[in-house]
Amino acid sequence: MAVADDALLTEQLSYYRARAGEYDRWWLRQGRFDRGPEANARWFAEVDALEEALRRFAPSGDVLELACGTGLWTRRLVHGADRVTAVDAAAEVLAINRARVGDDRVRYVEADLFAWSPELSAYDACVFAFWLSHVPDDRFDAFWAMVASALRPGGRVLFFDSARTERSTAADHRLPGEGEDAMTRRLDDGREYRIVKRFYEPAALQRRLGELGFAAEVGCTGEFFIHGIATPRAA
């Protein structure tokens, strides 16, 4: 089981390294991700809802961004933060992020999030977007323990992720079946990779986070996204 899991995570990282230059097409609904005027309009309306959730969360002080990717959210985090530590395992997306954000307040760290240890109790907020769905179930608890360890007392977590809908992914992708935690993703040049992909029902995820010691509120924007805020309860 562990060998198969490690192999899948290695392939997942290879996919995101290879996908770096075309990643934003998903976010911008371009090419294979263009699902027509109605779906695209709904997508961008729900993106606005995520951006409003970030504005309300208002991260400040020292902010940790996990799986920071190409900087779509990093560029917003720097507006309110004193410093941002942006972590990703793919050098290719970190290079795009640096070029996009161009702010000395951002410290970039290239690291495997399943092996990386943050500075203990160093951060006022932790943010991660579209990462939790790529965490295998047997690493879920350890991931959240790592997040909790990074936060100062009173520190908060904000996360966004994909809801289960065929219209979110590329037209030539197929979502994993019920009970499956992996799917095949295809690049524009036709190369295929297997990745972890898990979808969460907000109420169930909120309960699970509660069992791990977080006070959490998890909701959805409608069709495309889930979002949540979590705070570790005092020991």
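The values are calculated or read from the model by the stated rules, or taken from the named source; none is laboratory data. These numbers were taken from a predicted model, which means no experiment stands behind them. Don't worry about glycine lacking a Cβ; one is built from the backbone with ideal geometry, like all the others, and counts go over all protein chains shown.
In the range 177-190, the residue that is farthest from L66 (Cα to Cα) out of those that are charged (D, E, K, R) and part of a strand (DSSP E or B) is R186.
Restricting the range 160-171 to residues that are of a type outside the set (A, V, I, L, M, F, W, C) and not in a loop (DSSP other than H, G, I, E, B) leaves a set whose member that is farthest from the chain's Cα centre (by Cα) is S162. Exactly one of these conditions fails for I195: (1) surrounded by fewer than 16 Cβ atoms within 10 Å (Cβ to Cβ); (2) closer than 17 Å to P136 by Cα; (3) touching a helix residue (DSSP H, G or I) at 6+ places or on another chain (Cβ under 9 Å). Give me its number. The failed condition is (1).
Each row is one residue, and each column tells you yes or no for (1) farther than 26 Å from P118 by Cα; (2) modelled with pLDDT under 95; (3) touching a Cys at 6+ places or on another chain (Cβ under 9 Å); (4) of a type in the set (D, E, K, R).
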residue	(1), (2), (3), (4)
D24	yes, no, no, yes
W27	yes, no, no, no
V84	no, no, yes, no
V87	no, no, yes, no
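Taken together, D82, D112, D103 contain a single residue that is charged (D, E, K, R) and touching a residue at least 40 places away in the same chain (Cβ under 8 Å), which is D112. Taking the numbered list (1) surrounded by 19 or more Cβ atoms within 10 Å (Cβ to Cβ); (2) touching a helix residue (DSSP H, G or I) at 6+ places or on another chain (Cβ under 7 Å) in turn, W26 passes all entries but (1). With respect to V157, is the statement that it is at pLDDT 95 or above, among the hydrophobic types (A, V, I, L, M, F, W, C) and in a strand (DSSP E or B) true? Taking the combined requirement at face value, the residue satisfies it. Inspection of the range 44-60 finds a residue satisfying the criterion of being buried (at least 19 other Cβ atoms within 10 Å of the Cβ), of a type in the set (A, V, I, L, M) and within 18 Å of A129 (Cβ to Cβ). Within the range 175-202, restricting attention to residues that are of a type in the set (D, E, K, R) and within 19 Å of W131 (Cα to Cα), the residue that is modelled with the lowest pLDDT is E180. A residue that is at pLDDT 95 or above, within 25 Å of G219 (Cβ to Cβ) and crowded, with 17+ Cβ neighbours inside 10 Å can be found somewhere in the range 104-123. The lone criterion from (1) buried (at least 18 other Cβ atoms within 10 Å of the Cβ); (2) in a loop (DSSP other than H, G, I, E, B) left unmet by R174 is number (1).
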